[in-house]
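The structure appears right after this line, and notes come after that.
The values are calculated or read from the model by the stated rules, or taken from the named source; none is laboratory data. Quantities reported herein were computed from a predicted structural model and do not represent experimental measurements. No Cβ is skipped: glycine too gets one built from the backbone with ideal geometry, and neighbour counts run over all protein chains shown. With ligands, DNA and RNA removed, areas are computed over all heavy atoms of the protein, side chains included. Shrake-Rupley method; radii C 1.70, N 1.55, O 1.52, S 1.80 Å.
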Amino acid sequence: MRQEAIDLYTKLTNEWNKKPQNFDKCLEILTQLKIILSETGFIPALGAPIDKKEAHLARDVFEIGAQCSIAVGDIHAFERYFSQLKTFYFDFQNEISESPYKYQLIGLNLLCLLARNRLSEFHTELELLNPHLIQTNIYIRHPVSLEQYLMEGSYNKVFLSKGNVPSPSYNYFMDILIRTIREEIASCMEAAYKKILFSEAGNMLYFKKQEELVEFAKERKWTLASDNYFYFQQKQTDHDNQNIPANDLVMQMIEYARELEIIV
Amino acid sequence: MKVDEKKPETTTVPSKDSKETKEVKETKDADTLTFDDIKENVKSIEKGIQQKENRFLIRVMRTIFSTRKRLNDQVLKRVLNYYYITQSVQNDKEFLMSFIDVNAPSTQSTVAPMETDDAVPKSEPVTQVATPVQSVTTTTTTATKTKSPAILLPEVDLYIHLLVLIFAIDRQKNKQAIDLAEKMMEKITSQNRRTLDFIAARCYFFYTRIYEIAGKLDQIRYFLHSRLRTAVLRNDYEGTAVLINCLLRSYLEFNLYDQATKLVSKVTFPTQASNNEWARYLFYYGRIKAMQLEYTEAHKHLIQALRKAPQHEAVGFKQIVQKFAIVVELLLGEIPDKAVFRNPQLKKALQPYFQLTQAVRAGNLARFNQVLEKFGEKFMKEDTWTLIIRLRHNVIKTGVKMISLSYSKISLDNIAQKLQLDSAVDAEFIVAKAIRDGVIEAHIDHEGGFVQTKDLTDVYSTLDPMKVFHQRIKFCLELRNQSVKAMRFPPKKYSEELETAEERRAREEEEMEYAKEMADEDDEGFP
């Protein structure tokens with residue numbers, strides 16, 4: 001059983017290190033490996049001593065699995081691999097040596113959470129890391145500063161940071177992130193500008209081609225006037241002041257009455 | 001009782017050795033008093049078991065903190081000699097004795113050996129201050145035989161174990177203390193007595209504490225979980241409360257917020273739990289919520305934790321809760337009350353947070369960074385750092401707001417300069433976001449590169465005042481409901497104290513008479 005796993009593992013690493021990688025082949029080997037690993041109980045039970053060799057092997061397999069699933073764009077598979085990797089990264093950090101990919105994958109996971117707008121999980125994961133590390137490690141600092149830019153609204157910095165990702169595997173999530181950001185910027189533009197020139201809008205949204213902007217404008221129902229300007233209608237905030245929110249008011253009053261009843 | 005083991009930063013620790021340095025007589029008397037107190041406690045434990053009334057046990061547990069301060073080698077030696085008499089418990093006695101320095105500098109050399117020799121306890125009537133040593137020993141020998149406890153109840157056994165454990169923790173005998181704690185847990189696990197619950201709950205707490213001191217908090221989670229299951233099944237609410245808190249503490253110690261959230265969502269915290277346990281739980285819960293960006297919820301829980309904490313004790317606990325509460329309040333975009341920072345108990349500990357608040361209030365990014373730099377290490381140690389860096393965008397928001405208030409038209413370049421942003425492009429995006437989020441009322445002219453603020457709308461023409469008013473009313477009502485819930489009555493008191501009709505009549509008559517007298521007196525005031 002063990003030998004079989006090792007054989008497959010070497011096969012997998014060979015396949016993975018080939019350029020260009022054959023992902024289908026990798027995934028196929030991974031599936032076989034996962035079956036073997038789960039049969040041998042790759043995660044040591046409580047109190048049982050950890051077989052270092054086995055643990056290393058399992059971890060490496062999962063790391064390749066995680067990177068491979070990003071390459072083929074399977075986010076769910078990535079999340080599954082990462083949740084298994086967390087055991088090796090955090091719970092066994094004193095038992096086995098640190099993986100060279102550790103922080104890269106943690107950073108990827110952070111970016112993944114950020115791209116999917118799961119902020120509370122993002123912060124939960126971040127808490128597991130040492131504050132000094134957050135500031136110094138390039139893999140971690142990248143998603144962390146991205147989050148800060150997003151919160152502040154410095155969207156242009158997000159676009160800039162697309163250019164200096166610490167690892168090519170980050171690009172996949174960066175693309176997702178940029179799509180969500182475009183939506184954000186567009187809604188900001190609608191609120192903040194009265195009108196904007198077609199080319200300027202393209203710059204702000206970081207579209208390289210005009211067609212993309214035309215497409216995007218169509219989706220957001222922006223109309224291009226004859227003078228090449230987009231005109232945004234100022235949202236009428238006044239009208240909801242006009243009518244009294246009767247329902248809410250009644251609910252509030254009933255609530256007060258009930259509470260007062262209890263007190264008296 | 002103490003709420004948290006965190007030591008307050010300001011209070012000076014009273015010197016423990018002061019007792020030793022005192023006069024001979026005084027030492028003896030202090031010891032005797034402590035010893036008698038412990039005996040008294042054991043009695044009420046026994047009484048509680050007989051009457052199946054948890055109140056007595058709770059009361060004993062409440063005295064632990066005051067007893068803790070007074071424990072010393074001599075007292076414990078006498079306690080052990082007094083209670084561990086029968087052959088069957090000699091092993092325990094020897095084990096516990098190993099924690100005590102039998103030859104501790106004692107002023108009672110004349111009394112102590114005698115007691116050890118024949119395992120004779122001290123007599124009940126407390127020997128007065130002036131009693132000469134000789135007479136003490138004589139009364140001892142006469143009064144003992146009738147009073148020596150025949151069987152050692154498991155509750156009493158555990159209580160004494162607990163005292164020794166606390167003593168060992170205070171004397172920093174960590175390695176041995178862990179052995180002792182393990183032994184206690186064995187004893188607890190082997191018993192199934194409801195009367196043991198309250199003592200066991202305290203034992204869990206100190207068990208966790210000693211592992212925390214030893215830095216092995218992560219090793220006992222499995223055990224705590226299994227005890228928690230048992231406690232819930234047995235409806236042992238005090239045990240459940242303490243165990244949940246121990247587990248949360250253990251998770252938060254290692255920043256395992258994910259697991260902590262799951263635990264919180266799976267368990268129901270027993271409503272009957274003591275206020276102190278509630279305070280702890282609310283604090284942990286507030287911290288978890290703050291981490292998940294649910295600041296309103298977090299703030300509510302932290303404030304409640306503060307309210308439930310003991311009024312005069314537990315300064316350390318209150319300090320740390322207040323720190324979190326301040327940061328969360330800032331994250332909510334509110335400015336904490338200045339009175340908080342003036343509180344003499346908290347003033348010194350909150351100093352960095354005061355400066356932080358000032359920076360946020362002014363919307364001054366440079367100052368904010370200065371504070372971060374200066375106190376960064378401190379914030380990291382207090383686990384508030386990750387929350388504080390999230391404040392950065394609050395600072396910017398306030399800055400943008402300030403600018404929009406003071407200028408009706410300003411160029412983006414100037415904004416970038418004022419907010420210390422890298423470029424005007426940054427400023428443009430930030431201002432755009434602020435407009436969208438409703439922080440300011442303005443619009444940007446892209447070609448001109450400036451921001452034009454709109455005229456301020458009259459706030460009172462909008463619904464905002466009503467919303468704010470509603471929020472405050474809700475807060476007050478919540479506060480009242482919580483206070484009502486916090487009131488406690490002894491379980492059976494309710495039916496007991498109903499007075500009969502006659503009694504009531506008598507009382508009313510009395511009151512009437514009293515009122516009349518009062519009225520008369522009042523009249524006398526006017527000639």
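Listing for the model above:
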| quantity | calculated |
| --- | --- |
| Difference of contour (0.36 nm per residue) and Cα-Cα distance, B:Lys216 to B:Arg70 | 49.7 nm |
| Peptide B:192-203, shielding by other chains (average Cβ, 10 Å cutoff) | 0 |
| Surface per residue (accessible, 1.4 Å probe) for segment A:127-171, Å² | 40 |
| Listed residues B:Ala427, B:Ile440, B:Met466: farthest to the positive end of the dipole of segment B:421-468 (Cβ charges) | B:Met466 |
| With all protein chains modelled, accessible area of B:Thr462 [1.4 Å, Å²] | 40 |
| Estimated [θ] at 222 nm from DSSP helical runs (n ≥ 4, -39500 (n - 2.57)) normalised by residues in chain A, nearest 500 | -21500 deg cm²/dmol |
| Degrees separating the helix A:171-192 axis from the principal Cα axis of chain A, which is the longest one | 10 |
| Rounded Å value of the spacing that divides the Cα centres of segment B:386-410 and segment A:191-205 | 24 |
| Mean-position separation - Cα centroids, segment B:153-183 and segment B:441-487, in angstrom | 55 |
| Computed FRET value (nearest 0.05) for B:Asp437 with A:Glu98, which takes r as the C-beta separation and R₀ as 51 Å | 0.80 |
| Interface residues, segment B:405-436 - accessible area loss of 10 Å² or more versus chain alone, probe 1.4 Å | B:Asp422, B:Val425, B:Asp426, B:Glu428, B:Phe429, B:Ile430, B:Ala432, B:Lys433, B:Ile435, B:Arg436 |
| Inter-centroid distance (Cα atoms) of segment B:339-362 relative to segment B:240-276, Å | 29 |
| Where segment B:274-361 is the region considered: accessible area per residue in Å², 1.4 Å probe | 37 |
| Solvent-accessible area lost in complex, 10 Å² minimum, residues of segment A:88-130 relative to chain alone, 1.4 Å | A:Leu119, A:Ser120, A:His123, A:Thr124, A:Leu126, A:Glu127, A:Leu128 |
| B:His312, B:His225, A:His76, A:His142, ranked by accessible area, largest first (probe 1.4 Å) | B:His312, A:His76, B:His225, A:His142 |
| Peptide B:445-452 - average C-beta neighbours from other chains (10 Å radius) | 3 |
| Surface per residue (accessible, 1.4 Å probe) for segment B:394-453, Å² | 44 |
| A:Arg118 accessible area, assembled protein chains, probe 1.4 Å, Å² | 70 |
| Exposure ranking of A:Tyr172, B:Tyr285 by accessible area [1.4 Å probe, largest first] | A:Tyr172, B:Tyr285 |
| Sequence of A:Met253, B:Met512 when ordered by accessible area, the most exposed leading, probe 1.4 angstrom | B:Met512, A:Met253 |
| Percentage relative contact order, segment B:340-432, counting C-alpha pairs under 8 Å, at least six apart | 24 |
| Protein-protein interface of segment B:274-316, residues with accessible area decrease of at least 30 Å², isolated chain reference, 1.4 Å probe | B:Met291, B:Gln292, B:Leu293 |
| Percent carbon-and-sulfur accessible area, segment B:394-453, ignoring ligands, DNA and RNA, probe 1.4 Å | 46 |
| Accessible surface of chain A [probe 1.4 Å, protein heavy atoms]: carbon and sulfur percent | 52 |
| Accessible area (Å², 1.4 Å probe, nearest 10) - A:Ser38 | 70 |
| Relative contact order (percent, whole number), segment B:274-361, Cα cutoff 8 Å, 6+ residue spacing | 24 |
| C-alpha long axis of helix A:23-40 to longest principal axis of chain A, angle in ° | 60 |
| Segment B:154-246 - percent of accessible surface contributed by carbon and sulfur, probe 1.4 Å | 47 |
| Chains A and B, summed buried accessible surface - 1.4 Å probe, Å², nearest 100 | 4200 |
| Highest-fluctuation residue, A:Gly202, A:Gly107, A:Gly65 considered, GNM on chain A with Cα pairs under 10 Å | A:Gly202 |
